[in-house]
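Reviewing the structure listed below.
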Amino acid sequence: MPSQACRVRRDRTADDSYNPWLHGFSVAVLVATFLLLLAGGNVTSKAAGMAVPDWPLSFQSVNPDGWTSNFNGEKPGVRDEHGHRLIGATVGFLVTVLAIWLAVREPRRWVKGLGLAALAAVIAQGVMGGLRVLDNSITLAIVHGCFAQAFFCLMVGIVAVTSRRWSADVRRDGLRGGTVTAAADSALGWACGGCVLVIYVQLILGAVLRHTQWTWIPHMSWAVVVGLALMTMARYVYQHAYARQALSRAMIAVLVLYGVQIVLGLSTLLVIHPMWTKGLREPHTLAQTWLPTVHLAVGAAILGTAAYLAVRAIGIGHRGGELTLRRQVEGVPA
């Protein structure tokens with residue numbers, strides 16, 4: 001059975017890049033990054049971005065006494081802003097470890113590059129957050145929030161390409177019936193990638209709205225475009241013989257999240273708009289405090305899931321990598 005032996009050798013070659021400990025650590029960093037997004041959203045929701053006026057220290061200290069109680073209630077928002085900084089520092093440390101781990105143990109050069117890109121991005125994000133405080137700049141606050149979502153997508157990508165599923169996608173493991181053409185691969189990749197860009201535009205509009213109390217109309221209108229982009233992505237996923245089997249759960253998840261997000265968005269509008277019409281910025285009810293943050297969190301989850309689908313689509317369409325593996329097994333120069 002020479003063909004079976006050839007297939008086994010090829011499978012082993014594809015799995016050489018999979019390291020369960022490295023992948024598990026990358027998942028942990030992704031979770032920490034999501035918590036950092038929540039913390040940042042909470043700071044914006046509570047208008048606490050300038051609660052700590054100095055940087056890189058907080059009130060001239062690395063960890064000032066009394067910050068957990070907002071200095072006995074004398075400085076509201078300090079707990080939220082300083083806590084956000086501590087989580088950010090933790091994520092920075094974790095990303096540094098991940099980048100070094102990838103550089104030392106990851107055999108694929110382009111994945112090593114993703115680790116270095118993540119390290120550079122988390123440093124830039126930290127500096128940007130500090131400059132936002134020093135300059136008291138709303139523009140930098142918006143850019144800081146949008147860049148955080150892009151960094152989150154980068155971490156999703158690292159999780160995806162360090163997983164065992166990436167190798168399975170390249171080999172088309174589990175493909176039952178049907179054929180997959182290069183055109184179908186390309187259409188899947190464009191549909192998923194385009195959907196990520198559409199969702200990212202929506203998050204930019206949301207960031208501008210949250211920081212400037214701009215009109216709701218662009219953000220609400222673009223939500224319809226996001227829905228159309230998600231349905232287009234779903235169409236190409238379910239038309240693709242392999243993606244239909246490999247990506248259906250993630251596709252269903254992002255559609256469900258979109259439905260939840262619509263409800264959250266309308267609820268947020270109902271509780272926040274009256275507050276803004278009175279010229280208020282700081283929330284005065286529990287709903288005004290948490291609904292915008294939960295809305296942001298679900299939006300990040302939608303973006304992250306779409307990014308995961310897009311990266312998986314790249315793996316599915318990675319015919320060049322599949323051909324290289326086959327040539328290595330058959331003894332043909334790559």
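The values are calculated or read from the model by the stated rules, or taken from the named source; none is laboratory data. Note that the structure is a prediction, hence the values are computed from the model and not measured. All Cβ positions, glycine included, derive from the backbone under ideal geometry; neighbour counts span all protein chains shown.
Within the range 234-241, does at least one residue satisfy the condition of being within 26 Å of Arg165 (Cβ to Cβ), modelled with pLDDT of 90 or more and assigned to a loop (DSSP other than H, G, I, E, B)?
yes
Is at least one residue of the range 276-283 in a helix (DSSP H, G or I), in the same structural domain as Ser186 (by TED's automatic domain parsing) and not acidic (Asp, Glu)?
yes
Select from the range 231-243 the residues that are hydrophobic (A, V, I, L, M, F, W, C) and surrounded by 15 or more Cβ atoms within 10 Å (Cβ to Cβ) and write down the one among them that is farthest from the chain's Cα centre (by Cα).
Among them, the one singled out is Ala241.
Going through the range 277-318 one residue at a time, which ones are β-branched (Val, Ile, Thr) and under 30 Å from Gln239 (Cβ atoms)?
Val298, Ile302, Thr305, Val311, Ile314, Ile316
Hey, among Ile272, Ile302, which residue is over 30 Å from His240 (Cβ atoms) and surrounded by 15 or more Cβ atoms within 10 Å (Cβ to Cβ)?
Ile272
Quick check on Val208: is it buried (at least 20 other Cβ atoms within 10 Å of the Cβ), under 19 Å from Leu296 (Cβ atoms), among the β-branched types (Val, Ile, Thr) and modelled with pLDDT of 90 or more?
Taking the combined requirement at face value, the residue does not satisfy it.
Only residues that are charged (D, E, K, R) and closer than 19 Å to Glu282 by Cβ: list them for the range 53-81, please.
Glu74, Lys75, Arg79, Asp80, Glu81 - these are the residues of the range 53-81 that are charged (D, E, K, R) and closer than 19 Å to Glu282 by Cβ.
Among the residues of the range 244-268 satisfying the criterion of being within 21 Å of Gln213 (Cβ to Cβ) and buried (at least 16 other Cβ atoms within 10 Å of the Cβ), which is modelled with the lowest pLDDT?
Only one residue tops the list, namely Thr268.
One residue is enough: does the range 30-37 have a residue meeting the conditions more than 20 Å from Ile123 (Cα to Cα), in a helix (DSSP H, G or I) and without any contact (Cβ under 8 Å) to a residue 60 or more places away in the chain?
Among the residues of the range 30-37, not one is more than 20 Å from Ile123 (Cα to Cα), in a helix (DSSP H, G or I) and without any contact (Cβ under 8 Å) to a residue 60 or more places away in the chain, which makes the answer no.
Tell me, which helices (runs of 4 or more DSSP H) wholly within the range 134-232 include 3 or more residues that are small (Gly, Ala, Ser)?
138-161, 182-212
Based on this model, can you work out whether Val104 counts as assigned to a helix (DSSP H, G or I), over 20 Å from the mean Cα position of the chain (by Cα) and of a type in the set (A, V, I, L, M, F, W, C)?
Yes: the conditions hold for Val104.
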